[in-house]
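Novice: Structure below; questions to follow.
The values are calculated or read from the model by the stated rules, or taken from the named source; none is laboratory data. These numbers come from a predicted model, not from an experiment. No Cβ is skipped: glycine too gets one built from the backbone with ideal geometry, and neighbour counts run over all protein chains shown. The protein model used for the area step is the full one, side chains on, heavy atoms only, and it has no ligands, DNA or RNA in it. Shrake-Rupley method; radii C 1.70, N 1.55, O 1.52, S 1.80 Å.
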Amino acid sequence: MRVASLLKAVGKAPYRTRPLAKRSEYLASAITMAEGVTEEPEILLNVKDSIAFVTLNRPRALNSLNLGMVHRLLSINQEFSQPGSKVACVVVRGSGGKAFCAGGDVKEVVMRARDGAWSYGSAFFRAEYVNNATIAQLPVPYIAVIDGIVMGGGVGVSYHGSFRVATERTVLAMPESGIGLFPDIGASYFLHRLPGYLGRYMGLTGQRLTGAEVKDAGFATHFIPSSRLLDLEGGILELGSSAADPTKVDSLLRSLEQPPASGSGRSALLEWKLPLINAHFGLGSVGQVMTSLQAAVDTADSGSGSGSESEAARAFLRDTLTAMRRGSPLSHAVTWEMLRRSAAGHLTLQQCLQMEFWLARRFVAGEADFLEGVRALLIDKDNKPRWRYSNVKEVPGVVVQRLFEPLPDEPPLFSGFMAATATGAHISRM
């Protein structure tokens, strides 16, 4: 498009009348606005023969979720939940070839909050969490193809469904503590249900799982080579209305799974990482975990450790300790307490999401380290967050408890049918 036509189309004054120093600024603004008119929707929906293909379509942002996207996903899933829906099965995927979904667009949330519009963040988390619960209650099979990067909110769009397909390209993490938030999207419900103390490790360190580890951890139900994903889609289409039967979907996915490799067929996670994780993260507090990791690393560095301990194991412990040190001590304390409350109270998914919403609302309002963490890592990118506390032992218990208090000015996330399930009647598929 010619410059004059472009500027006219977006209501700008003629390009030639602008000062030279301002022309690039106006032109960039005009191009952005004009491109916005022709860009594809950020959520694509294509229903073929009763199979709904939902595509997260924001590849330049690694399909990270904004408010418009979570509203659209919620609307779609609510529609599929209605009696009489002609959809037999839902397949969710990401566009661009690099990511399924890199999480929520927290940079947008924080930038608005810094301008005083923290209600945007409140609306975002409300819609996101209700969508998570809606996915868990869908009456039809929901297949999330988590090929590529999947983090935070991307886990929420996948884990709550009946089937999650990982590939050799899958990279999964819950990195929220590193930006001063906490593992949300129902993580308080499912993290403590992972093998051993893996949930604590994932929530406190933000470290990544890759490939087959994602299935071994329980985040995926199937592990299928990326080269066979087209066969997956074709097979689901061939099932047609029969795809409403979870056993037939499961049979199809199993037929596409990669046979175990030579040896035990288990990933490094189950071979040797999980015992190390359990030894340290099974202790009684975050402070004890940190002390234990530090002692193990010191022993390894001094050369006085067991000769049977591999260099890979020693490197794993060092990386784990480094990751813990990067995160917000306040977020660590909140994550620990959140998982404790969920496990001790046998909370349902909806109750966990409600608890997380109260936390998220307070974090967005500046009562924790969230605004500072996003500033340091995603906005200014100086990678030098100024956390409120230098270590978790300095975090007052009363501060942590206050963050969990209900918010009387916020309506509950779930009402009517969903409120009834929050009392414990509903058992999640997870």
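Novice: From 97, 121, which residue is closer than 15 Å to residue 59 by Cβ, among the small types (Gly, Ala, Ser) and touching a residue at least 12 places away in the same chain (Cβ under 8 Å)?
Specialist: 97
Novice: Conditions first: (1) outside any helix (DSSP H, G or I); (2) within 14 Å of the chain's Cα centre (by Cα). Residue 117 passes all but one, so which condition is the exception?
Specialist: Of (1) outside any helix (DSSP H, G or I); (2) within 14 Å of the chain's Cα centre (by Cα), only one is false for residue 117: (2).
Novice: Before we move on, is residue 331 hydroxyl-bearing (Ser, Thr, Tyr) and either touching a residue at least 40 places away in the same chain (Cβ under 8 Å) or under 25 Å from residue 269 (Cα atoms) (or both)?
Specialist: It is true that residue 331 is hydroxyl-bearing (Ser, Thr, Tyr) and either touching a residue at least 40 places away in the same chain (Cβ under 8 Å) or under 25 Å from residue 269 (Cα atoms) (or both).
Novice: In the stretch 277-295, how many residues are farther than 23 Å from residue 389 by Cβ and either at pLDDT below 95 or of a type in the set (Phe, Trp, Tyr) (or both)?
Specialist: The qualifying residues number 0.
Novice: Which residue is farthest from the chain's Cα centre (by Cα), if the candidates are limited to the stretch 233-276 and must be at pLDDT 95 or above, open to solvent by 40 Å² or more (accessible area, probe 1.4 Å) and aliphatic (A, V, I, L, M)?
Specialist: If we take residues in the stretch 233-276 being at pLDDT 95 or above, open to solvent by 40 Å² or more (accessible area, probe 1.4 Å) and aliphatic (A, V, I, L, M), then 239 is farthest from the chain's Cα centre (by Cα).
Novice: Here's something else I'd like to know. Which residue, of 210, 205, 221, is more than 21 Å from residue 92 (Cβ to Cβ), open to solvent by 10 Å² or more (accessible area, probe 1.4 Å) and of a type outside the set (A, V, I, L, M, F, W, C)?
Specialist: Sole residue among the options that is more than 21 Å from residue 92 (Cβ to Cβ), open to solvent by 10 Å² or more (accessible area, probe 1.4 Å) and of a type outside the set (A, V, I, L, M, F, W, C): 205.
Novice: Another question, then. Checking residue 188 against (1) under 20 Å from residue 374 (Cα atoms); (2) within 14 Å of the chain's Cα centre (by Cα); (3) buried (at least 22 other Cβ atoms within 10 Å of the Cβ), which test does it fail?
Specialist: Failing condition for residue 188: (1).
Novice: Which count do you get for residues in the stretch 137-155 that are open to solvent by less than 10 Å² (accessible area, probe 1.4 Å) and more than 15 Å from the chain's Cα centre (by Cα)?
Specialist: Here the count works out to 4.
Novice: Step by step: first the residues of the stretch 296-321, then only those that are assigned to a helix (DSSP H, G or I) and more than 23 Å from residue 195 (Cα to Cα), then the one that is modelled with the lowest pLDDT. Which residue is that?
Specialist: Only one residue tops the list, namely 302.
Novice: Quick one: count up the residues across the stretch 328-357 that are open to solvent by 20 Å² or more (accessible area, probe 1.4 Å) and within 17 Å of residue 104 (Cβ to Cβ).
Specialist: 0
Novice: While we're looking at this one, here's another question. Could you run through the stretch 40-80 and say how many residues are open to solvent by less than 30 Å² (accessible area, probe 1.4 Å), among the small types (Gly, Ala, Ser) and over 18 Å from residue 98 (Cβ atoms)?
Specialist: Of the residues in the stretch 40-80, 2 are open to solvent by less than 30 Å² (accessible area, probe 1.4 Å), among the small types (Gly, Ala, Ser) and over 18 Å from residue 98 (Cβ atoms).
Novice: Write out, first by first residue and then by second, each pair whose Cβ atoms fall under 9 Å of each other, whose residues are 6+ apart or on separate chains, and whose first residue, in the stretch 82-93, is among the basic types (Lys, Arg) and open to solvent by 10 Å² or more (accessible area, probe 1.4 Å) while the second is assigned to a loop (DSSP other than H, G, I, E, B) and modelled with pLDDT of 95 or more.
Specialist: Once the first residue is among the basic types (Lys, Arg) and open to solvent by 10 Å² or more (accessible area, probe 1.4 Å) and sits in the stretch 82-93, its partners that are assigned to a loop (DSSP other than H, G, I, E, B) and modelled with pLDDT of 95 or more give 86/50; 93/147.
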